[in-house]
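One structure is given below, encoded as structure tokens.
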Number of protein chains: 2
Amino acid sequence: MAKVGKISGFPEWLPEQKIAEDTVIGTIKRIYESYGFTPIDTPAVELLTTLGSKGVIDKEIFVVKRLKAEEGDEAELGLHFDLTVPLARYVAQHAHELSFPFKRYQIQKVWRGDRPQKGRFREFYQFDIDIIARNDLPLSCDAEVVGVIGLVMGELPVGPYTFRINSRKLLSAIYGALGLEGDSRAAAIRAVDKLLKIGRDGVAKELALISGISPAAIEAILRSTEIQCPISELATRVAALQLSDPLIEEGVQDLSTICALVPAEVARGLTIDLSLARGLDYYTGLIVEVSLDNYPEFGTVVAGGRYENLASEFTDQKLPGVGVSIGLTRLMDLLISEKLVSTLRKSPSIALVTVYDESDRPLCNQIAHELRTLGVSTEVYFKAPKLGKQIEYAEEKGMRHVFFVDASSRQIRVKDLQTKEQVDVSSIAAWAKSLK
Amino acid sequence: MAKVGKISGFPEWLPEQKIAEDTVIGTIKRIYESYGFTPIDTPAVELLTTLGSKGVIDKEIFVVKRLKAEEGDEAELGLHFDLTVPLARYVAQHAHELSFPFKRYQIQKVWRGDRPQKGRFREFYQFDIDIIARNDLPLSCDAEVVGVIGLVMGELPVGPYTFRINSRKLLSAIYGALGLEGDSRAAAIRAVDKLLKIGRDGVAKELALISGISPAAIEAILRSTEIQCPISELATRVAALQLSDPLIEEGVQDLSTICALVPAEVARGLTIDLSLARGLDYYTGLIVEVSLDNYPEFGTVVAGGRYENLASEFTDQKLPGVGVSIGLTRLMDLLISEKLVSTLRKSPSIALVTVYDESDRPLCNQIAHELRTLGVSTEVYFKAPKLGKQIEYAEEKGMRHVFFVDASSRQIRVKDLQTKEQVDVSSIAAWAKSLK
């Protein structure tokens, strides 16, 4: 007998957990689609040359090879490790068939070929949105992405959260005014990105390693990271750094423009946080992160930003974009383990038609058929044992309404398992309507 | 620059095709859920020992290995090639946490590690349902699966189709009455399974290779394959074979019971077809196939049946089941290439709010926000070029309604791109309501 067991890092939900996940997916999809984001789906595999296109492959990749491949056949395919590389390849490949700005959402599994280790997923769903334009992308798109994510967060059962935004342009301008350019500036951004992990002193030490940096610059950078405020205070707080540079003003202005275009309910909750740096090199403007106040150790649940050129490895066209990624599987893992999803039901059905005698089944089926036509997800018990056993099944699966059918009199009675009330039903349509 | 291109056998849709696919998926899901089938999702990979558990691995498998795996590390994981092996492993592993009968649906990609060849998918979606019980599974479950598939087929835009069912039990009884048992019987079933491909004479030749088979038996088997009739005629047609055996009567009775429990609209369309054999060894009762009358070369769009023991490789429990699989990607490929999906829209949005001047954008956003709240998927144009360009964008993406906003007077006008009519809108809520 083959051994069955969990493969470390490849999560698998029970039905009630999968139903909860589908509910969360449905909520996010509804909001994305209400803004006209269109779904795409790319193959699970890409050419290894595509996956490695952003320079060194620093994420571990799973290669895919035919079991019956000839000895010595080189692997050519790998599972995608994010949805950004596939998006870049997709947009470059299909550019002539797409309408720009191209607004897409994509929910798919991604794979990380890590060594198995506790608490680390090697397969998980990501749920991304991006807006890609040709040549130039106005700030209205940054605002749209921030707005959409704000609305999504408002509907997720995660409790209070912190939605932080910043601008790479502003960071670059500040660090530039302090004399840091090119590699030194990138090193400073990477150092600041570690603030939460290594603390202020740790960052100071890392900054000090940058060649040519002055103690005053280190001090100013550390002071800038303390700017964590609503947009209304940003200009004053930045002015207090006493660095004069038109690019700094531009960075502040960009963030103000973005915040002004975001739905008021979302804008109110935004924190401008100059300690937010995001390590990845390719961000050039807005950067965003959402974290959960009650679960600080969880890290970010949403992250992303603006990049000046998405697909430069695949096409000569300039394709700037802005987008974010939701780590869906990690989020579901939290919602499930912290019991933040309220109802865990094992089945989509809410009604069970019991079968008193096998000869009644055609009538029971007919009643169930009518219920389904009226939008009530319904099961008919598959055998005809004692009614108590059938009611137990309904309870176990979380169905609320149990139908009893008297075939001779054609009388139908329904019990509400929650209120324990029983009523006679003369019209199924009327009963179904009363549910809404 | 990395070369981008199609990887043979890994299909990828354009947005308008993906939206069409999502519509089909939504239809099928709605019907599955109305019967209380619950979604599950298993990892893309299984242990190779699990994938090979049904004996010889005759389907080509893609193995999955860390790119940075140590030299000589044996591959342990493979991509699943269907959803039946993962279901068997899932049910065996989680049996103590599931409610039986376990009714699940599952839509996921599967992978076949074939050599690349024209017209053959190596990655595709399957959309399966199965009902798994403990120890014994009544015919009511067979009927439920047939009924659900009948309802699904009734809603797919595929034109006329043929829904054929048969019973392996009946076939076995007939072939048994003709003196064929064990391996000989299995060989006869495999020969009959090729009827469409190799014709009557071809099957006769294959049957003749079975050791100990009589010419009369060959003739009787061939005659039995001509039985293709509604259930009402089955008993008479089978009686005409003049084979007496209680198991034959039982097989006929099973099919009658199943048909009587299927919704009348589905039952009317069923053909009992004794030439339907399905090659796979594990079917023991009902077998089903649906094919499309207008596309005979397409083969089957739905196929499945009953198996006495799903997970015998993984558990000592007896878990009989019945289920079918829809080849979703092949189906979508047909729907798209034959233009059977009516509307191909590039975006979920149906309305565009144009922006006359960048300073109007906050007001435009507000109008769009209200529309979205009312369930109207809406985009705001991302820049403020000439209105003609913005209308073109709406047309290109298939949005029907274009809003024009006069910021000074706060007047809103909407143009219906289909009827070319323009109306002033004083209440957005009233306008949105008029859409329904």
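Descriptive notes on the structure:
- Counted residues, the stretch B:114-142 - those being in a helix (DSSP H, G or I) and either of a type in the set (A, V, I, L, M, F, W, C) or under 23 Å from B:Glu21 (Cα atoms) (or both): 2
- In the stretch B:251-276, the residues that are part of a strand (DSSP E or B) and without any contact (Cβ under 8 Å) to a residue 24 or more places away in the chain: none
- Considered as a group, the residues in the stretch B:134-166 that are touching a strand residue (DSSP E or B) at 6+ places or on another chain (Cβ under 6 Å) and of a type in the set (Ser, Thr, Tyr) include one that is surrounded by the most Cβ atoms within 10 Å (Cβ to Cβ), and that residue is B:Tyr161.
- Filtered residues of the stretch B:100-121 (kept if at pLDDT below 95 and within 9 Å of another protein chain (Cβ to nearest Cβ)): B:Gly113, B:Asp114, B:Arg115
- For the stretch B:97-130, the tally of residues that are of a type in the set (Val, Ile, Thr) and either more than 14 Å from B:Phe62 (Cβ to Cβ) or over 19 Å from the mean Cα position of the chain (by Cα) (or both) stands at 2.
- Residues in the stretch A:346-362 that are more than 7 Å from chain B (Cβ to nearest Cβ) and not in a loop (DSSP other than H, G, I, E, B) were compared, and the one that is farthest from B:Leu139 (Cα to Cα) is A:Ala351.
- When B:Ala44, B:Ala20, B:Ala92, B:Ala75 are checked against the criterion of being over 30 Å from A:Leu371 (Cα atoms) and either free of Cβ contacts under 8 Å to residues at least 60 places away in the same chain or touching a helix residue (DSSP H, G or I) at 6+ places or on another chain (Cβ under 9 Å) (or both), B:Ala75 stands alone in meeting it.
- Filter pass, B:Thr343 being modelled with pLDDT under 95, assigned to a loop (DSSP other than H, G, I, E, B) and under 29 Å from A:Arg30 (Cβ atoms): yes
- Some residue of the stretch B:99-114 being touching a Lys or Arg at 6+ places or on another chain (Cβ under 7 Å) and among the charged types (D, E, K, R): yes
- Each residue in the stretch B:27-52 was checked for being more than 7 Å from chain A (Cβ to nearest Cβ), more than 22 Å from A:Gln17 (Cβ to Cβ) and surrounded by fewer than 20 Cβ atoms within 10 Å (Cβ to Cβ), and 3 pass.
- Count - residues of the stretch B:279-331 that are modelled with pLDDT of 95 or more, small (Gly, Ala, Ser) and in a loop (DSSP other than H, G, I, E, B): 0
- Candidates in the stretch A:282-333 are the residues that are of a type in the set (Asp, Glu) and within 22 Å of A:Gln228 (Cβ to Cβ); of these, the one that is surrounded by the fewest Cβ atoms within 10 Å (Cβ to Cβ) is A:Glu297.
- A:Glu21 meets the conditions (1) surrounded by 20 or more Cβ atoms within 10 Å (Cβ to Cβ); (2) more than 10 Å from chain B (Cβ to nearest Cβ); (3) farther than 17 Å from B:Gly5 by Cβ in every case but one. The failed one is (2).
- If you go through the stretch B:209-220 and keep only what is in a helix (DSSP H, G or I) and out of contact with any helix residue (DSSP H, G or I) (no Cβ under 6 Å at 6 or more places or on another chain), you end up with B:Pro215, B:Ala216, B:Ala217, B:Glu219, B:Ala220.
- Inside the stretch B:1-56, residues that are in a helix (DSSP H, G or I) and under 22 Å from the mean Cα position of the chain (by Cα) make up a count of 21.
Here is a yes/no grid of residues against (1) closer than 14 Å to B:Leu352 by Cβ; (2) at pLDDT below 95:
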site: B:Lys389; (1), (2): yes, no
site: B:Ala407; (1), (2): no, yes
site: B:Lys420; (1), (2): no, no
site: B:Ile428; (1), (2): no, no
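- Single condition A:Leu79 does not satisfy, out of (1) modelled with pLDDT of 95 or more; (2) surrounded by fewer than 22 Cβ atoms within 10 Å (Cβ to Cβ): (2)
- Within the stretch B:223-237, if we keep just the residues that are in a helix (DSSP H, G or I) and in contact with a Leu (Cβ under 8 Å, 6 or more places away or on another chain), the residue that is surrounded by the fewest Cβ atoms within 10 Å (Cβ to Cβ) turns out to be B:Arg223.
- Candidates in the stretch A:238-250 are the residues that are in a helix (DSSP H, G or I) and out of contact with any helix residue (DSSP H, G or I) (no Cβ under 8 Å at 6 or more places or on another chain); of these, the one that is farthest from A:Gly285 (Cα to Cα) is A:Ala239.
- Scope the stretch B:341-399; condition basic (Lys, Arg) and free of Cβ contacts under 8 Å to residues at least 60 places away in the same chain; matching residues: B:Arg361, B:Arg372, B:Lys383, B:Lys386, B:Lys389, B:Lys397
- Considering (1) surrounded by 14 or more Cβ atoms within 10 Å (Cβ to Cβ); (2) within 28 Å of B:Glu16 (Cα to Cα), the lone condition that B:Glu421 does not fulfil carries the number (1).
- Number of positions in the stretch A:239-281 that are in contact with a Lys or Arg (Cβ under 7 Å, 6 or more places away or on another chain) and crowded, with 17+ Cβ neighbours inside 10 Å: 6
- Some residue of the stretch B:97-113 being in a helix (DSSP H, G or I) and within 30 Å of A:Ile19 (Cα to Cα): yes
- Among the residues of the stretch A:143-202, those that are in contact (Cβ under 8 Å) with a residue 12 or more places away in the chain, outside any helix (DSSP H, G or I) and more than 30 Å from B:Glu358 (Cβ to Cβ) comprise A:Leu156, A:Pro157, A:Val158, A:Gly159, A:Pro160, A:Tyr161, A:Thr162, A:Leu178, A:Gly179, A:Leu180, A:Lys194.
The values are calculated or read from the model by the stated rules, or taken from the named source; none is laboratory data. A quick note: this is a predicted structure, and the numbers were derived from the prediction, not measured. Please note: Cβ atoms are built from the backbone with ideal geometry, for glycine as well, and neighbour counts cover all protein chains shown.
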